[in-house]
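Readers should treat all values here as calculations from the given coordinates under stated rules, not as data from a laboratory. What you are looking at is a predicted structure, and each value in this text was computed from that prediction instead of being measured. Here Cβ is always computed from backbone atoms with ideal geometry, including for glycine, and neighbour counts include all displayed protein chains.
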Amino acid sequence: MRFISINTKLTLIAAILTIVLSIAGYFTINLSVQRAYNKIEESLNNTLLGAARNTNGDTLEKLAQLVPPYDPSADYKSATYQAKIAPALSTTLYQDQMRWLDTIHQLNPHAHTSLSKALSPIRSSS
């Protein structure tokens, strides 16, 4: 039987422990990050579902009839466009909708971003 020095044994044990702990750490971090993403996604979905449940579709349809159709090339800050939408902005339909969206934003500030991403395919197909 060959003699193996204590230094070699300790180095080998340290290398094995480093590899095992690195692998365990990777899987632990990966699992934690995935759980965090799932909780964030669930929270945003719950916020948006709650917002949708309290939204009156008939009222939104009436409001949509007051504004010009979506145009990706429009300059929304121009005086011409602002004049087109001024009548809609002064209605109680619009004010009520803005209050509701503000409430959603106060409950979950990230919900607006999620809603914008969810609506982007709808806007591009219009």
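Figures for the structure shown
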read-out: Spin-label model distance (nm) - LEU107 vs THR8, 7 Å beyond Cα toward Cβ; value: 6.8 nm
read-out: Shape category assigned to the stretch 36-81 from the gyration tensor of Cα positions, a/c cut at 1.5; value: oblate
read-out: Among THR18, TYR81, ASN30 the positive-end extreme of the charge dipole of the stretch 6-125 (Cβ point charges); value: THR18
read-out: Proxy reagent accessibility, fewest Cβ within 10 Å first, across ASP58, ASP102; value: ASP58, ASP102
read-out: Helix axis angle, 57-66 relative to the chain longest principal axis, alpha carbon, degrees; value: 60 degrees
read-out: Surface/4 estimate of mean projected area, convex hull on alpha-carbon atoms of the chain, nm²; value: 14.7 nm²
read-out: Cβ-placed point charges (K, R +1; D, E -1), dipole of the stretch 6-125 about Cα centre in debye, nearest 20; value: 380 debye
